[in-house]
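Let me begin by presenting the structure, written as structure tokens, before commenting on it.
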Amino acid sequence: MDKWRNIFNPSSVFVPLGAIVLGLLSGAVIMLLGGYNPVDAYQALFRKVFGSPYDIGETIRTITPLLFTGLAVGFTYRAGLFNIGADGQYIMGMTGAAIVGIKLQLPWFIHAPLAVLVGAIFGGLWAALVGYLKASRGVNEVISSIMLNWIALYLSNYLLRALLLEPGQQRSYFIHESASVSIGWLSRALENARMDWGIFIGLIGAIVFYFLLWRTKQGYELRAVGLNPDAARYAGINIKSSIVKSMFIGGVFAGLGGVFEVLGVFHYQVLSAASSGYGFDGIAVALLGGNHPVGIVFASILFGTLTYGSAGMNFSADVPTEIVRIVIGAVIFFVASHGIIQGIVKPFMASRRKLDKKGAA
Amino acid sequence: MMGEPEVIVELKGITKRFPGIVANDSIDLKLRKGEIHALLGENGAGKSTLMSILFGLYQPDEGEIHIRGRKAVIDGPGRAISLGIGMVHQHFKLVQPFTVAENIMLGAEPVKGVSLDYRTAHDKVRQISDQYGLKVDPKAKIEDITVGMQQRVEILKTLYRGADILIFDEPTAVLTVQEIRELMQILRNLTAEGKSIILITHKLAEIMEVSDTVTVIRRGKVVDTLRTAETNEEELAEKMVGRSVSFVPVKKERAPGEVVLSVEGLTVGTGREKKQLDNINLTIREGEIVGLAGVDGNGQHELIEVLTGIRKATSGRIMLNGQDVTNRQTRDLMDAGIAHIPEDRHKHGLVLDFTVSENIVLGSYRDDAFGRGILLDSKAVERYAEKLVGEYDVRTPSVQNKARSLSGGNQQKAIIARELERGPRLLIAMQPTRGLDVGAISFVHERLLQAKAEGKAILLISFELDELFNLSDKLVVIFDGQIMGEANPAETDGEKLGLMMAGKTMHAEGRG
């Protein structure tokens, strides 16, 4: 646990910033080795992202699920749990929203909120199951949540086939218009980019994240359990219920990510052979963001931008999109091994380091 | 009489600065061959920094180190080891699932062909162990042996690597009374074999018992170097803290009042396995300190855990203020008026990465004073923490600093402030002065006596007999999960108590 904490709590702002720079440089080196021009490539990347109103809108759409899964991982991490199951929770969120969106017919002011709520609760309960297993049976949350990812994938496919599949298609029926959370006028303003309420709810989610953990008694308990479960128990905090609660809240975040993908972006759910990977990207986002809501917002913007922009890099500079995955991988690598960065920026951080030593002496 | 033995280590004008503080200010120190040289000072006085310099963990800003008369630059622990310097750290660095021999040979494994030569390792470990009377079994696993034994493994490790200058960093902090006695003997054996020892400590009794020379450090400077035979505890304490210190707190007699805690027939564990607590009966009244004496591991932890709701009792009753509170949740027991100063303040007492203020409300944060309903008002928390930090003299730059950054004594003060200010009826304090320096110890003792004077019932569990004698109104001895008997501290002595702690019942003689 301590090891994870060390990796997961890079102490300063320098580390993530340094990691981003080094990550981009690593990508550049690899492009040079491959005979590509990195300057052109990065220019193409940013042109793609900021090139047109449509691209800006679509970049925001790419950011949204990363923001949600980042919050999901970060929140549970603050409570001492490593939620590797955001992927499964995300899928359950999609499924819950799709069922309500397709099967029910209600006025829009009930239908959309209900679909969002049910999707969120699906995600939350899926995560709470992991919490329950840990609290009552001591099952390691990493193991159970990774297994539940697969169960979620196939359970979701099964439910799709059994309940929602449009004949002859590899996807569900479309959701009813009343369940849609797309924002028509915003889409029209951004050249028909797929815009929905997701990003706004995500930003509110980041605020809720902060408020819950640092402004409520419940959050105080969760953080105490996260940092020292023994001391928390001695202070009369119920560890088991804390574990279940924090997993549930994390799962709600991840589930919401899936909800907006169905209700806002695609308006249907597809049968998937493999996971979306958003849950795992969420781990990277939380890691880069230092498990702090503000950091997570910025990290999701960065990763979303790189991911969406990679298409432009491919198109106009002929650089394969995989290069961007390498950049993202390198960023994560440098955040995790923050000793490297501290070594490089040592001259700037000399005073900090001395203070640390004094504390250790 | 022969002349003075040769000087084996000489530190000349060692200065080490950290931002904002001079940890060592031109320190001189001479260690002679075959002597035990005690380094005495309060927490934060600069002892550990100085020894870290000698062991190569830090580089001095000024000054020189001479080993066996030659100037040495010690740029890392590897260099220190090759110069024959070994360090026994306060926190052991052992691989738990490995055997003793495996731990000792780690990093210097004897090899035969491609495989490890266990036989040679075992033989060598046993031989060193016998030479110094360490009585260590090379084949035992670390996780199976006691803390005292683990420490000996650390000693063996340094000897195995050929150390003849040994540094001990607070070696007795984690040991029981018996283990301390044995360690003292081991130290004497080592010097008899020609080893030289530097003993870092703040326990005066140990220095008087075992050391030949003592150097007192205060705020990074050497106050004095004395021959142990020519000084006494009072003088050393005065030099260490810079003022005179009273050792024996003034115990005021107070007529005990109503019964606060009454434990009847408390048992943990069923008949089939060994019972961890067996039919414990205990009464504590208002304004009374009951001292629970016993060797570590005889049921003290279990008793506390049952009283604080961490562990469930199998049978028996716990009455608090006349109410049955057996097997209630920790939170309910805290609300009912139980406060607890746990033995392990890092593991159980504090959330080290919480701020001081967050730690000070651990246990009372649900109070409406710290925010209505579900909200937590961090401003109110900080105001409260600032008040307590002032009243209990917790030295911290601000209440927003992490508890981790505080010294042990200040961490303990913060815990005591938190627990006492919750207004408990019963205070359970286990080893409340463990690892603290003289100044902090007397502060803790004063606060406990003050709490008693205010009418709180106090259960004091300690492995230090002096502490129990000085503070308690009544002594109760626990052995193997059973209460062996009671004693009045004014009418009994350490010998009698020691017999009970070893399992002899008080009435054994009388009843034949």
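Give me a single rounded figure for A:214-222: the average over its residues of other chain Cβ atoms within 10 Å of their Cβ.
Average per residue, whole number: 5.
With everything on Cα atoms, drop me the angle between helix B:118-131 and the longest principal axis of chain B, reported from 0 to 90° to the nearest 10.
It is inclined by approximately 80 degrees.
Per residue, how much accessible surface does the range A:28-182 expose to a 1.4 Å probe? Answer in Å², no decimals.
Values: 6670 Å² over 155 residues.
Spelled out: the 1.4 Å probe surface of the range A:28-182, per residue, equals 43 Å².
Can you give the local net charge around residue B:92? Use residues other than it whose beta-carbon is closer than 15 angstrom to its beta-carbon, Lys and Arg +1, Asp and Glu -1. Walk me through the numbers before you get to the answer.
Details: positive: B:93, B:141, B:152, B:157; negative: B:102, B:143, B:144, B:154, B:169, B:170, B:179.
Summing Lys and Arg as +1 and Asp and Glu as -1 gives -3.
Would you kindly state how much longer the chain becomes between residue A:191 and residue A:143 on full extension, computed as 0.36 nm times their sequence separation minus their alpha carbon distance, in nm to one decimal?
On the way: separation 48, 0.36 × 48 = 17.28 nm, distance 4.40 nm.
Stretched fully, the residue A:191-residue A:143 segment lengthens by 12.9 nm.
Just to confirm the number: angle between the C-alpha axis of helix B:147-160 and the first principal axis of chain B, 0 to 90 degrees, nearest 10?
That helix lies at roughly 10 degrees to the long axis.
Can you tell me the FRET efficiency between residue B:317 and residue B:274 if r is taken as the Cβ-Cβ distance and R0 is 22 Å, rounded to the nearest 0.05?
Taking R0 as 22 Å, the efficiency between residue B:317 and residue B:274 is 0.50.
Using a Förster radius of 60 Å, what is the FRET efficiency between residue B:224 and residue B:143 based on their Cβ-Cβ separation? Nearest 0.05, please.
Efficiency computed from Cβ-Cβ geometry: 0.90.
Only sites in a loop by DSSP and with at most 16 other Cβ atoms within 10 Å count here; which GluC sites (Glu not before Pro) in the range B:1-88 make the cut?
Hits after loop and neighbour filter: B:6.
Could you tell me which helices of chain A pass both thresholds, a Cα extent of 27 Å or more along their own axis and a mean Kyte-Doolittle hydropathy of at least 1.0, with helices taken as whole DSSP H runs?
A:14-33, A:108-137, A:239-260, A:293-317
Can you pull the percent of chain B's accessible area that's carbon plus sulfur, 1.4 Å probe, other chains left in place?
Answer for chain B: carbon and sulfur cover 47 percent of the accessible area.
Please report the buried accessible area for the interface of B with A, total over both chains, probe 1.4 Å, in Å² to the nearest 100.
Looking at B and A, the buried total is near 2700 Å².
Roughly speaking, what % of Cα-Cα pairs in the range B:154-201 are separated by over 13 Å, rounded to a whole number?
Working: 647 of 1128 pairs.
Looking at the range B:154-201, the distances longer than 13 Å represent 57 percent of pairs.
How much FRET efficiency would the formula 1/(1 + (r/R0)^6) give for residue B:186 and residue B:91, where r is the Cβ-Cβ distance and R0 is 22 Å, rounded to 0.05?
E between residue B:186 and residue B:91, to the nearest 0.05, is 0.70.
Could you check the spin-label model distance between residue A:318 and residue B:380? Points 7 Å from the Cα along Cα→Cβ, value in nm.
It is 6.8 nm.
Within the range A:261-279, whose backbone N sits under 15 Å from a point 7 Å along Cα→Cβ of residue A:104?
A:263
What full-extension length gain, to one decimal in nm, is calculated for residue B:387 and residue B:26 as 0.36 nm per residue of separation minus the Cα-Cα distance?
126.1 nm
Return the Rg/Rh ratio of the range A:125-206 with Cα-based radii and a Kirkwood Rh.
Dividing the radius of gyration by the Kirkwood radius yields 1.12.
Roll a 1.4 angstrom probe over the protein heavy atoms and tell me the percent of accessible area of chain A that is carbon or sulfur.
On the way: 10550 of 15600 Å².
Carbon with sulfur: 68 percent of the solvent-accessible area.
Relative to the longest principal axis of the C-alpha atoms of chain B, give the angle of the C-alpha long axis of helix B:408-421, reported between 0 and 90° and rounded to the nearest 10°.
On a 0 to 90 degree scale, this one is about 0.
Expressed in nm to one decimal, what extension gain is obtained for the pair residue A:177 and residue A:272 from 0.36 nm per residue of sequence separation less their Cα-Cα distance?
Numbers: separation 95, 0.36 × 95 = 34.20 nm, distance 2.35 nm.
Answer, rounded to one decimal: 31.8 nm.
For the protein assembly as shown, what is the percent of antiparallel DSSP beta bridges, rounded to the nearest 5? Walk me through the numbers before you get to the answer.
Numbers: 48 of 83 bridges.
The antiparallel proportion sits near 60 percent.
How long, wide and thick is the protein assembly as shown, going by the Cα atoms along their three principal axes, in whole angstroms, largest first?
Largest first, the protein assembly as shown extends 101, 71, 55 Å along its Cα principal axes.
Quick one: ranking A:200, A:333, B:469, A:315 by accessible area, 1.4 Å probe, largest first, what do you get?
Descending order: A:315, A:333, A:200, B:469.
Just how far, in whole angstrom, is the range A:44-117 from the range B:172-202 if you go by their alpha carbon centroids?
Taking the Cα centre of the range A:44-117 as reference, the centre of the range B:172-202 is 63 Å away.
How large are Rg and Dmax for chain B when only the alpha carbon atoms are used, in Å?
When restricted to the Cα atoms of chain B, Rg and Dmax are 24.9, 78 Å.
The values are calculated or read from the model by the stated rules, or taken from the named source; none is laboratory data. As the structure is a prediction and not an experimental result, all values here were calculated from the model. A quick note on method: Cβ atoms are made from the backbone with ideal geometry, for glycine too, and the neighbour counts reach across all protein chains shown. These accessible areas exclude ligands, DNA and RNA; they are computed on the full protein's heavy atoms, side chains included. Shrake-Rupley method; radii C 1.70, N 1.55, O 1.52, S 1.80 Å.
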